[in-house]
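Data block below; observations after.
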Amino acid sequence: MGAYDDRPWLSQYPANRRGLTDTDDAVTTILDAFARLTVQGDKPLLHYFDATLTAAEIDVQSDAFAVALQDAGFQPGERAVVYLQNIPQFVIAQLAVWKAGGIVVSANPMYRGKELGEILSDSGAAVLITLRSLYRDVASTIPETGAVRTIVTTSELEYQSRSDATLAGVEAPPCLDTSDMLELISAHRGQVPPRPGIVPGDVAVLTYTSGTTGPPKGAMTTHANLLFSARVYRDWIGIGPDDVILGVAPMFHVTGIVGHSALALLTGAPLILTYRFDAQDTVEAIAAHGATFTVGSITVFIALMNAPNASGEALASLNKIYSGGAPIPPATLAAFEERFGSTIHNIYGLTETTSPAIAVPLGSRAPHDEASGTSAVGVPVFDTVVRVIDDDGAELPAGEPGELLIEGPQVVVGYWDKPEATAEALTPRGLRTGDIGFMNADGWFFLVDRKKDQINASGFKVWPREVEDVLYELPAVREAAVVGVPDAYRGETVKAFVSFRPGQSATREEIVAHAKARLAAYKVPREVEILDDIPKTATGKLLRRQLRDLSATAITTKGSETP
Ligand code: AMP
């Protein structure tokens, strides 16, 4: 691998000596790989409660849905927003959009109207595929749906027969002004779309992320990015057709798109989906299907430890475990190991690196750094170079912290329709991550801080500016500053500081209620503190770090409350 020539230490890790095992040039996209699975008979590819779908069945249904989309005028290169929970229709819709030559835009089902509207208009999507309940509560309430011509709805109750508390009560009545996904599939069953003319460099998925400035940006993940990252899970980590994938990460997030969906479609390892993450349901699913592998955020593993039905026996099969997206507290790792006998491996990446860039090789133990109090996030996966640079862009030697730059086949090609943001993020030496870390003398990477103004709540990323903009919508608010504060379960949570215009005010409840109506739940401030003035620099820039430090040392807790 050329990328290792100047980094010989990388080859000391067994995973890096292996390289990609699939040398079949005919497989250039996940769609090609999936086509090879359709002959595998009765082997399940998807489990959803008591439902099981084979690759052949998913192929037939995604063909039919692709034809239905094309009949509705969907053209190659057009975008289709998939705004769904972890249900089989996610995978079927994704395949159908690709089969029709289109681009999947993944939208977080927690998004409220403002957030969904921004994605619909920025991506210029022609199609929206969503749950009936989300259509009723969110999509149908937004006045502007951009270029959307076709709305397809579906239900989480489809395919399976469960009707207990997990799914009952979430159902919404059929939506008269939209098409039903399963009806479209049955109307077109047996029809096959013409082979799409997609090439590996075509965009497969847009995943939106907010930023320090400007509107949300859609990271353009190509088919080549997706295939490479799925192969990292298969060939570098070692997940194969005999594994069973537990889908605990949200499917809209790059972790779910790659580490669940693309990995299953590449290897034929069955994928277990359970609608929304629920610890007890997840324990049941692990035991019922013998899940062997998963990747999720550390809060998932904390929740599993607290599930009343979790036992070493129930989780016995699950021994290839990865946690990414947020720091792993060493105490949590030790407690999990003690309780279930298996270890949690760290994996690091961004939406912009199509998930994994650095990971702990399966079966290895990450070294701990006493000085920073952190354990390593891993070593770069194959074909990947990670550089540590200082503020002037100079490369730093081992042991010195700086911003991580990532170069490799998993780095996305840019942001949709945002050449300036693309140029800022993608430098000739790799993607600017905004994360501060260092490499030790053995080539392990450690994360110690963040350069970017981002809050990480259970792996969900919150950009303070987005929350502040919503708080500024309240007429009484003169200044708003949002910071991340430590939280025992989520790692970090959102805290807002506000000051009021002279003679005006609002209650904390009003502030929180406004944020709840406009933002996904994880972005809503858990604490609101009212100040006369918010500390600023001489040039008027809000001193977020000072507010964060003040909160961390609990000097200013009075007046805070949890909604
Ligand atoms: P996202 O784009 O949502 O995947 O978020 C990417 C960000 O999550 C990174 O830039 C890091 O700040 C953080 N992150 C990802 N993986 C890890 C990890 N293993 N440990 C700590 N933080 C992580």
Can you list the strands (runs of 3 or more DSSP E) lying wholly within the range 373-492 that have 2 or more residues being away from the ligand (no atom under 16 Å from the Cβ)? 477-487
Matching option when the condition is within 19 Å of F446 (Cα to Cα), within 19 Å of the chain's Cα centre (by Cα) and either modelled with pLDDT under 95 or surrounded by fewer than 17 Cβ atoms within 10 Å (Cβ to Cβ) (or both), among P367, P327, P397, P380: P327
Name the residue, out of A219, A262, A224, that is touching a strand residue (DSSP E or B) at 6+ places or on another chain (Cβ under 6 Å) and at pLDDT 95 or above. A219
Of the residues in the range 339-372 that are without any contact (Cβ under 8 Å) to a residue 24 or more places away in the chain and either of a type in the set (G, A, S) or outside any loop (DSSP other than H, G, I, E, B) (or both), the one that is nearest to H260 (Cα to Cα) is G363
Failed criterion for S161 (all others in (1) touching a residue at least 60 places away in the same chain (Cβ under 8 Å); (2) of a type in the set (G, A, S); (3) buried (at least 20 other Cβ atoms within 10 Å of the Cβ) hold): (3)
Residue identified as out of contact with any strand residue (DSSP E or B) (no Cβ under 7 Å at 6 or more places or on another chain) and within 14 Å of the ligand (Cβ to nearest atom) among P329, P356: P329
Applying the selection to the range 472-510, what residues are among the hydrophobic types (A, V, I, L, M, F, W, C) and closer than 17 Å to K541 by Cα? V477, A480, A481, V482, V483, A496, F497, V498
Of a type in the set (S, T, N, Q) and either surrounded by 22 or more Cβ atoms within 10 Å (Cβ to Cβ) or under 18 Å from V82 (Cβ atoms) (or both): does that describe T255? yes
Cβ-Cβ under 6 Å pairs, at least 6 apart or on other chains, the range 431-456 side of a type in the set (K, R), far side near the ligand (Cβ under 10 Å from one of its atoms): R450/D435; K451/G434; K451/I436; K452/G434
Complete set of residues in the range 415-458 that are closer than 18 Å to T221 by Cβ and not β-branched (V, I, T): Y415, W416, D417, K418, P419, A421, A425, L426, G430, L431, R432
Strands (runs of 3 or more DSSP E) fully within the range 50-124 counting 1 or more residues that are free of Cβ contacts under 8 Å to residues at least 60 places away in the same chain: 51-54, 79-83
Find the residue count for the range 300-324, including only residues that are in contact with a Gly (Cβ under 7 Å, 6 or more places away or on another chain) and crowded, with 22+ Cβ neighbours inside 10 Å. 2
Pick from the range 179-219, criterion more than 14 Å from the ligand (Cβ to nearest atom), buried (at least 21 other Cβ atoms within 10 Å of the Cβ) and closer than 30 Å to P419 by Cβ, ranking: nearest to the chain's Cα centre (by Cα): A204
If a residue counts only when it is in contact with a helix residue (DSSP H, G or I) (Cβ under 6 Å, 6 or more places away or on another chain) and within 16 Å of the ligand (Cβ to nearest atom), which strands (runs of 3 or more DSSP E) contained entirely in the range 246-324 have at least 1 such residues? 293-296, 320-324
Would you confirm, using the coordinates I've provided, whether F336 is in contact (Cβ under 8 Å) with a residue 12 or more places away in the chain, part of a loop (DSSP other than H, G, I, E, B) and buried (at least 18 other Cβ atoms within 10 Å of the Cβ)? no
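The values are calculated or read from the model by the stated rules, or taken from the named source; none is laboratory data. Every value quoted in this text rests on a predicted model; they were computed, and no experiment measured them. Reconstructed Cβ throughout: ideal geometry from the backbone, glycine too, with neighbour counts over all protein chains shown.
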